[in-house]
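Please read the structure below before turning to the comments.
The values are calculated or read from the model by the stated rules, or taken from the named source; none is laboratory data. All values reported here derive from a predicted model rather than from experimental measurement. Positions of Cβ are generated from backbone atoms using ideal geometry, with glycine treated the same way; all protein chains shown enter the neighbour counts. For the accessible areas, the whole protein counts, side chains as well, though only heavy atoms, and no ligand, DNA or RNA atoms are used. Shrake-Rupley method; radii C 1.70, N 1.55, O 1.52, S 1.80 Å.
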Amino acid sequence: MLWYKSWRETRTTVLLGMAAMAMACVAICYYQQTMRDHADHPMTYAHYIWKSVYSSIGRDLFLILAVILGSGGLLQEKANGTSGFTLTLPVSRRGIVFSRALMGYCGVIAIAAVPVLVLPLASYWQGQMYPMEQTLRFALLWIGVGTVFYGFTFLLAHHIEGDYISVLVAIPSLMIYGVLLNLPWLARFRMLDIFDLINGDEMPFFDEARHVLTGPMPWFALVAIVLTSLAFVEIASRSVQRREF
Amino acid sequence: MILERVIQTANLTKEYGGFRAVDRLNCSVRSERITGFLGRNGAGKSSTIKMLLGMIRPTSGSGTVLGLRIDDAKESIEIRRRVAYVGEDKGLYGYMTVAQLVRFTRSFYTDWQPDVEKKLLAEYRLPPDRKVKALSKGMRTKLALLLALSRRPELLILDEPTEGLDPVSIEELLQTLVRAPMNGTTVFFSSHQLSEVERIADDILLIDRGVAVLDMPLEQIRENYRRISLGFTTAAPRLEALRGIETMRSDNRQVTILASSNADAIAQYARERGAVSVDVAPISLREIFLETVQERNRQDQQKHWEREDALV
């Protein structure tokens, strides 16, 4: 039943996030002609979708939602006065942390999965074609990178008390990470650039001319990112086990 | 096997930074009885309860609940499985409805009694479909109590259970608590309502600044504790600290003694020392509480002044 509790805590964010993502995708498809007509340079439909969904609005919305999902947990419960009830349930703190983390990962996957169906369907409705093979590939990139955004905020949320303080710390921290990636000695490691990895920009698996993902997916980088996220969750769990409530 | 002592602590200590909230606490709670856990705000009651339930770790010392070690993570889970607890803040998940929270809590315990749950839902008039955050403070307290009382735990720990309840609900709760030991449940509850404690408790554990200052059956307290008021015609002489004298206050020709035992011998001694009036009277738990705590305050104040003087 800890799953139920975690689901109830993340439900609003996940469902509203999925709805917002679906609306964003539909709106992007609906206004495609207008937007492309007003573009500085002629744009293919695939380019427009990549630029609008995978390189700006959709991606940004997804990452913000992943960060929001990462907030919460026992420290937020402490601030809300419910940690006493949770901690006197006959379960381990590790169980509490991991059920919450797993439910958050499910939320990240669910939101990332929205464009997989919505984009091809909305494109078809607009008389355009956007293959599901592409949306599936982008969804994998979103899930991979989304987990690390989620895991990082989750870690912060288990160290910093207060509602959404972790979100307020996570966003600038990730922005600083983005800036640090411009340092020459870090710029060499392209796969560390999760902001480019998530949309394929200037990545070997992305066709810059057609704006589609081609070739093998960066599995090694994705697995490394997911493992990093899991490590964040493990550190959060250990921190909670030591903490006094 | 029924344990004779469901809670036992040995030199249990909790420090927060430099502040010692619980100071080498030695106490035991007898099985199938009601123990009132008393103390001022900040006396260390909640810290003690939190240590017993594994929410915080003791700085030193040890303790067992139902024979299980409180500082062992696995045994602590088993403690929480067998103990029902209602916390001081009654913080429950506001986003769940009453029915959802009951279902959620029920899933963790094998000793849940659906008939008791139904009875309490009706008795407390808790609307099953209302969100917990929409309940009043009193209703939330009732819900917290329902979640604890719908089980048949071996030990029921309640931290200020009557806070926020109306008089009828307080009465119903006290009756429920009185019946609990008949079903094999030990009750350990903290309260500032001394009259309630006096009505239902079998044993009293009084702590002050983390130290147990009174740990005794209430019956024994009633039998033994006496207020002895002495009147002298001239300034009261210095009286020896005989066995049983807990506190002694002198005001020129009047001396007031709080005795925990030996009252007759103390009275006789006072007469021998020239007391012209000797009044030995029973004393309420409230008076014992106030006398004990205030005397400790006075002693501490005295020590403080002595230290200050020494520094000057």
Report, to the nearest whole %, how much of the accessible area of the stretch A:2-242 belongs to carbon and sulfur atoms, 1.4 Å probe, protein only. 70
So how far, in whole Å, is the C-alpha centre of the stretch B:234-312 from the one of the stretch A:180-216? 83
What is the dipole size for the stretch A:103-245, taken about its Cα centre, with +1 at each Lys and Arg Cβ and -1 at each Asp and Glu Cβ, in debye to the nearest 20? 240
How big is the equivalent ellipsoid of chain B along its three axes, where each semi-axis is √(5λ) from the Cα gyration tensor, reported in whole Å from largest to smallest? 42, 22, 18
Suppose we take every Cα in the protein assembly as shown and form the convex hull; what volume per residue is that in Å³? 214
Please report, in Å, the Rg and the Dmax of the stretch B:134-250, where both are computed over Cα atoms only. 19.5, 66
Ignoring any ligand, DNA or RNA, what whole percent of the accessible area of the stretch B:5-220 comes from carbon and sulfur when the probe is 1.4 angstrom? 47
Net dipole in debye of the stretch B:39-131 [+1 Lys, Arg Cβ; -1 Asp, Glu Cβ; about Cα centre; nearest 20]: 180
For n ≥ 4 DSSP H runs only, could you compute -39500 (n - 2.57) per run for chain A, divide by its residues and tell me the 222 nm figure to the nearest 500? -23000 deg cm²/dmol
Would you calculate, for chain B, the mean residue ellipticity at 222 nm contributed by helices, counting each DSSP H stretch of 4 or more residues as -39,500 (n - 2.57) and dividing by all residues, to the nearest 500? -11000 deg cm²/dmol
Please compute the Kirkwood hydrodynamic radius of the stretch B:225-311 from all pairs of different C-alpha atoms, in Å with one decimal. 13.7
Counting Lys +1, Arg +1, Asp -1, Glu -1, what net charge surrounds A:Trp7 among other residues with beta carbon under 14 Å of its beta carbon? +4
Expressed in square angstrom to the nearest 10, the accessible area of A:His38 with a 1.4 Å probe stands at 150
Which residue, A:Val233, A:Leu2, A:Ser173, has the largest displacement toward the positive end of the dipole of chain A when charges sit on each Cβ (Lys, Arg +1; Asp, Glu -1)? A:Leu2
Roughly how crowded by other chains is peptide A:8-15, in terms of the mean Cβ count from those chains within 10 Å of each of its Cβ atoms? 1
May I ask for the accessible area buried between chains B and A, both sides summed, probe 1.4 Å, to the nearest 100 Å²? 2200
Heavy-atom accessible surface, probe 1.4 Å, ligands and DNA/RNA ignored: which residues of the stretch B:54-91 lose at least 40 Å² versus the isolated chain? B:Met55, B:Arg57, B:Ile77, B:Arg80, B:Gly91
Percentage relative contact order, the stretch B:94-230, counting C-alpha pairs under 8 Å, at least six apart: 19
Helix B:263-272 sits at what angle to the longest principal axis of chain B, using alpha carbons and giving 0 to 90 degrees rounded to 10? 20
Contact-by-burial set, the stretch A:68-97, min loss 10 Å², accessible area of protein heavy atoms with 1.4 Å probe, reference chain alone, gives A:Gly81, A:Thr82, A:Gly84, A:Phe85, A:Leu87, A:Thr88, A:Leu89, A:Pro90, A:Val91, A:Ser92, A:Arg93
Over chain B, calculate the relative contact order: mean separation of alpha carbon pairs under 8 Å at least 6 apart, over the residue count, as a percent. 18
Rounded percent of accessible protein surface that carbon and sulfur make up, the stretch B:225-311, 1.4 Å probe: 44
So for the pair B:Ser284, A:Leu230, with labels modelled 7 Å out along Cα→Cβ, what separation do we get in nm? 6.4
Going down the table (A:Lys78/B:Lys118; A:Lys5/B:Lys133; B:Lys90/B:Lys133; B:Lys50/B:Lys90), which pairs top 21 Å between alpha carbons? A:Lys78/B:Lys118
In Å², rounded to a whole number, the accessible area per residue of chain A with probe 1.4 Å is 45
Hey, can you find the accessible area per residue of the stretch B:225-311 for me, probe 1.4 Å, expressed in square angstrom? 62
So for chain B: antiparallel DSSP bridges make up what percent, rounded to the nearest 5? 70
Where the only charges are on Cβ atoms (+1 Lys, Arg; -1 Asp, Glu), what is the dipole of the protein assembly as shown about its Cα centre, to the nearest 20 debye? 520
Principal axis box of chain A, alpha-carbon based, largest edge first, Å: 61, 43, 28
In the stretch A:22-181, with Lys and Arg counted as +1 and Asp and Glu as -1 at Cβ, which of these residues, A:Val114, A:Gln134, A:Thr153, has the Cα nearest the positive end of the dipole, that is, farthest along it? A:Thr153
Excluding ligands, DNA and RNA, what is the solvent-accessible area per residue of the stretch B:5-220 at a probe of 1.4 Å, expressed in Å²? 40
